[in-house]
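I have placed the structure first, in the form of structure tokens, so that the comments after it can refer back to it.
The values are calculated or read from the model by the stated rules, or taken from the named source; none is laboratory data. Keep in mind that what you see is a predicted model, and the values were worked out from it rather than measured. Neighbour counts run over all protein chains shown; Cβ positions are idealised from the backbone, glycine included. Just the protein is used for accessible areas: all its heavy atoms, side chains included, with ligands, DNA and RNA removed. Shrake-Rupley method; radii C 1.70, N 1.55, O 1.52, S 1.80 Å.
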Amino acid sequence: PFPKMYRLFTLTCCLLSALAAAAGPIKFKSGEVYRLVPLAFPQLAVCPAPANAEEITCAPPQADRSYWTLTQEADGFFTIRQAESRRYLTYDGLRTTTRRYVRLSQSDHGEMSRWHIYAGQRGLIICCKSSQNLLLNVRRGSYIVGTYNELSATATENERFLLVDRKGRIVTHFGGTELRN
């Protein structure tokens with residue numbers, strides 16, 4: 001019985017290894033669509049607020065409303081567009097009761113619609129091109145998505161994001177860096 005159990009165990013391990021190898025690394029592709037999932041709230045995704053097309057919130061994933069097209073531009077920075085509405089994530093510096101310094105704009109506003117995205121200690125950090133200390137952030141309690149003046153070295157889990165593709169796979173490689181999630 002022992003050799004039979006040993007063979008079954010070995011076969012199971014080989015199959016699991018083969019499945020993991022077949023999945024391989026999930027590499028980021030510019031121009032593809034992804035969900036932005038905050039590490040602090042892995043069951044939620046960044047999406048437009050239901051009441052206002054310019055506002056951004058974090059909520060349970062909702063079909064195309066939860067997807068974003070991330071495109072690396074010629075200057076190395078990214079545009080982030082909501083896949084359904086095609087609106088741009090744009091820094092505008094305005095704080096209201098329902099927005100925190102960003103909005104979804106109908107047109108590209110140059111530097112204000114450009115984002116630096118890079119690997120943090122865990123997940124990805126997304127910050128405004130015009131001020132690299134303005135990190136994309138999900139407010140605890142209200143779930144409003146905006147920017148917050150923070151250093152990337154001290155970014156918390158509500159300022160770190162995962163990219164999830166349409167197949168539900170988490171991006172594991174971004175810009176030549178293996179991500180720790």
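Of the residues that make up region 80-98, is at least one crowded, with 20+ Cβ neighbours inside 10 Å, in contact (Cβ under 8 Å) with a residue 60 or more places away in the chain, under 24 Å from ALA53 (Cα atoms) and of a type in the set (Phe, Trp, Tyr)?
No, because not a single residue in region 80-98 is crowded, with 20+ Cβ neighbours inside 10 Å, in contact (Cβ under 8 Å) with a residue 60 or more places away in the chain, under 24 Å from ALA53 (Cα atoms) and of a type in the set (Phe, Trp, Tyr).
Are any residues in region 140-159 under 23 Å from PRO48 (Cβ atoms) and either among the hydrophobic types (A, V, I, L, M, F, W, C) or touching a strand residue (DSSP E or B) at 6+ places or on another chain (Cβ under 6 Å) (or both), and if so, which ones?
If we filter region 140-159 for residues that are under 23 Å from PRO48 (Cβ atoms), which is where we start, we get 140-148, 157-159.
Answer for region 140-159, where residues must be under 23 Å from PRO48 (Cβ atoms) and either among the hydrophobic types (A, V, I, L, M, F, W, C) or touching a strand residue (DSSP E or B) at 6+ places or on another chain (Cβ under 6 Å) (or both): TYR143, ILE144, VAL145, GLY146, THR147, TYR148, ASN158, GLU159.
Got a sec? Which of ASN133, ASN137 is polar (S, T, N, Q), open to solvent by 60 Å² or more (accessible area, probe 1.4 Å) and in contact with a strand residue (DSSP E or B) (Cβ under 6 Å, 6 or more places away or on another chain)?
Going through ASN133, ASN137 in turn, just one is polar (S, T, N, Q), open to solvent by 60 Å² or more (accessible area, probe 1.4 Å) and in contact with a strand residue (DSSP E or B) (Cβ under 6 Å, 6 or more places away or on another chain): ASN133.
With the checklist (1) part of a strand (DSSP E or B); (2) farther than 18 Å from TYR67 by Cα; (3) in contact (Cβ under 8 Å) with a residue 60 or more places away in the chain in hand, flag the one item LEU163 doesn't pass.
The one condition LEU163 does not meet is (2).
Against the definition (open to solvent by less than 50 Å² (accessible area, probe 1.4 Å) and closer than 20 Å to LEU151 by Cβ), how does ARG122 come out, yes or no? Explain how you work it out, then say what you get.
Working: open to solvent by less than 50 Å² (accessible area, probe 1.4 Å): no; closer than 20 Å to LEU151 by Cβ: yes.
No: the conditions fail for ARG122.
Give the number of residues within region 38-75 that are assigned to a helix (DSSP H, G or I), surrounded by fewer than 19 Cβ atoms within 10 Å (Cβ to Cβ) and not charged (D, E, K, R).
The number of residues fulfilling the criteria is 1.
For region 104-117, does any single residue satisfy the condition of being open to solvent by 40 Å² or more (accessible area, probe 1.4 Å), modelled with pLDDT of 95 or more and part of a strand (DSSP E or B)?
Checked region 104-117: at least one residue is open to solvent by 40 Å² or more (accessible area, probe 1.4 Å), modelled with pLDDT of 95 or more and part of a strand (DSSP E or B).
Being closer than 23 Å to GLN72 by Cβ, free of Cβ contacts under 8 Å to residues at least 40 places away in the same chain and not acidic (Asp, Glu) narrows it down to one residue among GLY120, GLY110; which is it?
GLY110
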